[in-house]
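Student: This structure is in structure tokens; I'll ask about it shortly.
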Amino acid sequence: MKANKTGFARIFAAFFYSADGMASAFKGEAAFRQELLLYIVLLPILYFLPVSLLFKCLLFAANTLVLIVELLNSAVESIVDLVSPDYNIYAKQAKDMGSAAVLLSLLLAAILWACALYTLLG
């Protein structure tokens with residue numbers, strides 16, 4: 001599929017393709033909705049958290065990374081379901097690896113939040 005838009009029209013169209021992807025993930029992926037809710041709840045807490053700006057940036061990046069990895073995992077799962085509707089060991093491996101990536105991003109975020117709380121309470 002070749003893009004027929006160039007310049008600002010292409011950038012404008014890409015924005016709406018991305019918005020469609022976010023909407024699709026929100027509608028079809030419970031995990032994405034849960035992680036987005038957590039992201040929205042943690043954002044104002046992060047703003048008021050009395051830690052350094054660098055630490056806030058790290059927490060923000062880790063929280064955003066969770067959403068990014070979940071979107072990529074959902075994309076992998078969609079493609080795997082399309083090309084391999086029946087059970088296939090390679091399809092399972094691809095889905096499991098995507099899930100493992102989400103788990104690692106969640107662990108990273110949780111560890112950074114634990115470190116932030118430790119510095120405040122410790």
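Read the figures in this text as sums done on the coordinates, not as results from a lab. Being a predicted model, the structure only gives us computed values, none of them experimental. Cβ: placed from backbone, ideal geometry, glycine included. Neighbour counts: every protein chain shown.
Student: Given a Förster radius of 41 Å and the C-beta distance between Thr6 and Phe26 as r, what FRET efficiency does 1/(1 + (r/R0)^6) yield to the nearest 0.05? Please report the intermediate quantities before stating the final value.
Tutor: Details: r = 30 Å, r/R0 = 0.73.
Efficiency, from the Cβ-Cβ distance: 0.85.
Student: Please tell me the relative contact order of the chain in percent, rounded to the nearest whole number, where contacts are Cα pairs under 8 Å and at least six residues apart.
Tutor: Numbers: 61 pairs, mean separation 31.8, N = 122.
Rounded, it is 26 percent for the chain.
Student: So what are the three principal axis dimensions of the stretch 30-121 from its Cα atoms, in whole Å, longest to shortest?
Tutor: So the extents along the principal axes, rounded to whole Å, are 51, 19, 17.
Student: Within the stretch 33-77, which residues have the backbone N less than 13 Å from the label spot 7 Å out from Asn88 along Cα→beta-carbon, could you tell me?
Tutor: Inside the label zone: 77.
Student: How do 61-69, 82-90, 41-49 rank on mean C-beta neighbours within 10 Å, highest first?
Tutor: Details: 61-69: 17.2, 82-90: 9.2, 41-49: 12.1.
In decreasing order of mean packing, 61-69, 82-90, 41-49 become 61-69, 41-49, 82-90.
Student: Determine which residues of the stretch 78-110 fall in the zone a paramagnetic label at Arg33 would reach in this model, i.e. backbone nitrogen under 19 Å from the point 7 Å along Cα→Cβ.
Tutor: Under 19 Å, as judged by backbone N against the label point of Arg33, lie 78 of the stretch 78-110.
Student: Calculate the length of the line joining the C-alpha centroid of the stretch 64-122 to that of the stretch 6-54, in whole Å.
Tutor: 16
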